[in-house]
Amino acid sequence: MPSSAMPEAAAPKRKLRIAIVSAFYSEGMGYSENCLSRALARLGHDVHVITSTYNVYGNEPLYDATYRDFLGPSKVAPGTRSVDGYEVHRLESHLVSGYVRMRGMNAKIRELAPDIVHSIEIASLQTFELAPIQPFLRFKLFCETHQAMSVVKPYMLQPHGSWFRKAVYRATRTLPSFLSSLVVERVYAVAEVCVDVAVGFYGVPRSKVKLLLLGTDTDLFHPVETDADAAARLALRTSLGFSADDIVCVYTGRFTRAKNPLLLAQAIHALNARDPRFKGLFIGKGEEGESIAATPGCRCLPFMRHQGLSEHYRAADIAVWPKQESMSMLDAAACGLPVVVSDKIGDPGRVAGNGRMYEEDSASSLARVLAELAPGQARRPLALEGRRRMVEDFSWMRFARAVEADFMAAVSGRQ
């Protein structure tokens with residue numbers, strides 16, 4: 001089923017014109033700017049994404065080595081095109097100290113005259129520019145925040161010292177975010193830890209923050225449910241060199257030290273020596289790629305878009321992210337995979353009842369947890385619970401309907 005396939009919904013009482021502002025955009029990805037835009041368009045609204053000429057991660061120094069083969073050049077041409085029922089407006093852009101600034105964003109807002117402007121991140125140059133014009137253009141401003149503790153500068157977490165750097169941080173991040181929040185209707189924190197960061201480090205009043213967990217496309221990402229699904233799973237495993245009896249552990253994302261997928265490869269190596277059924281499937285690219293590929297029992301594939309990812313999740317048995325959160329955890333759980341993550345994860349709710357945690361940076365601990373999940377009867381209840389939770393609590397349509405209700409309430413006073 002294509003990723004754009006979502007349940008039809010009744011026409012809203014009022015068709016809103018919604019501008020979603022994002023520093024980055026790449027077609028076919030699973031981020032808010034893609035999935036929320038598509039879902040709101042399916043709900044009947046006139047949706048416009050205002051974004052830069054940078055692909056996602058386009059400001060990262062290692063972009064060419066990591067993402068270029070997958071996404072193309074870091075920077076693409078400006079222009080407007082229709083995608084999945086909404087309009088994407090790419091504006092000429094440049095980097096300011098590594099952060100994206102779009103030229104002509106305010107002019108585009110004036111041209112579109114939206115009822116709602118929804119900025120993907122409260123602590124961003126885009127929101128800092130939108131806030132001063134909000135009282136004059138009279139749109140209702142909403143934001144998300146995706147910032148976890150891992151993005152907070154380490155010196156901000158220290159009780160003493162570094163006073164000058166802390167002062168600069170407060171002046172360049174906390175103060176602008178606080179001032180912007182004064183004209184923001186609501187800031188949607190996508191995880192519990194993001195609430196803490198928004199309030200404690202960005203100065204957003206707690207009354208403005210609403211916890212709203214990110215979603216997954218539960219139509220595209222689904223378990224093996226039919227004979228055709230089972231045949232596709234077996235065919236893909238065979239093409240990858242995995243047997244029907246293998247226990248395939250999948251990781252998707254960057255192969256970087258910060259995410260440490262090499263630790264999974266090391267755990268697979270140790271397990272494979274005792275139980276040859278254990279195999280590792282790594283989808284992505286990065287500095288640890290060569291070491292992972294050289295590890296017995298491990299297979300590496302390049303980055304792929306959502307359709308391909310859903311097929312590979314259904315071909316696997318366990319999903320593993322050794323460090324840091326990933327939206328892909330939700331996608332894997334929606335496909336019925338138990339999820340194994342670090343015990344230092346910022347949002348342990350993502351694996352409540354549908355996964356396990358291991359002692360971060362310990363290959364032996366990770367291997368032990370994976371060994372406990374070797375029996376199919378140990379994985380099945382986690383798989384069923386993960387699928388249930390994703391459908392009931394983490395679908396993008398649930399997310400879209402929640403923000404739609406707030407959007408409607410916000411504009412009702414000026415009809």
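In the assembled protein chains, Val152 presents an accessible area of approximately 10 Å² (probe radius 1.4 Å).
The stretch between Ala167 and Arg388, if pulled fully straight at 0.36 nm per residue, gains 75.0 nm over its current Cα-Cα span. Listed cross-link partners Lys15/Lys108; Lys140/Lys323; Lys259/Lys279 are compared with a 27 Å cut-off, the Cα-Cα value being larger for Lys140/Lys323. In the range 93-137, which residues have a backbone nitrogen under 15 Å from the label point lying 7 Å from Leu179's Cα in the Cα-to-Cβ direction? Those under the cut-off are 123-135. Cα gyration tensor of the range 276-415, axes a ≥ b ≥ c as square roots of the eigenvalues: rounded (a/c below 1.5), prolate (a/b > b/c) or oblate? Note, shape of the range 276-415 comes out prolate. Among all helices in the chain defined by DSSP H, which have a length of 15 Å or more along the axis from Cα atoms plus a Kyte-Doolittle mean of at least -1.0? Helices meeting the span and hydropathy rule in the chain are 125-137, 227-240, 261-274, 396-411.
Would you mind checking the range 124-153 for residues with the amide N under 20 Å from a putative spin-label position 7 Å along Cα→C-beta of Arg14? Label zone hits: 134-143. With a Förster radius of 22 Å applied to the beta-carbon distance between Thr238 and Glu27, the computed FRET efficiency rounds to 0.10. Sparsely packed loop sites in the range 5-95 (the GluC sites (Glu not before Pro) outside DSSP H, G, I, E and B with at most 14 other Cβ atoms within 10 Å) comprise Glu8, Glu27, Glu92.
Along the axis of the charge dipole computed for the range 306-415 (Cβ charges of +1 for Lys and Arg, -1 for Asp and Glu, origin at the Cα centre), the listed residues Met357, Leu384, Leu337 are led at the positive end by Leu384.
Note on Ile120: accessible area is roughly 20 Å² with a 1.4 Å probe, heavy atoms of protein only.
Over the chain, the alpha carbon radius of gyration divided by the compact-protein estimate 2.2 N^0.38 Å works out to 1.00.
In the range 203-309, Cα pairs under 8 Å separated by at least six residues give a relative contact order of 23 percent.
In the range 1-150, with Lys and Arg counted as +1 and Asp and Glu as -1 at Cβ, which of these residues, Ser74, Val88, Leu62, has the Cα nearest the positive end of the dipole, that is, farthest along it? Selected residue: Val88.
Calculate for the chain the 222 nm mean residue ellipticity that helices alone would give, adding -39,500 (n - 2.57) per DSSP H run of length 4 or more and normalising by residue count, nearest 500 deg cm²/dmol.
The helix contribution divided over the chain gives -11000 deg cm²/dmol.
Between Met149 and Ala405, the C-beta separation translates, for a Förster distance of 45 Å, into a calculated FRET efficiency of about 0.95.
Computed about its Cα centre, the charge dipole of the chain is approximately 1060 debye, with only Lys, Arg, Asp and Glu carrying charge at their Cβ.
The values are calculated or read from the model by the stated rules, or taken from the named source; none is laboratory data. Because the structure is a prediction, the values reported are computed rather than measured. No Cβ is skipped: glycine too gets one built from the backbone with ideal geometry, and neighbour counts run over all protein chains shown. In case anyone asks, the SASA skips ligands and DNA or RNA and just uses the protein heavy atoms, side chains included. Shrake-Rupley method; radii C 1.70, N 1.55, O 1.52, S 1.80 Å.
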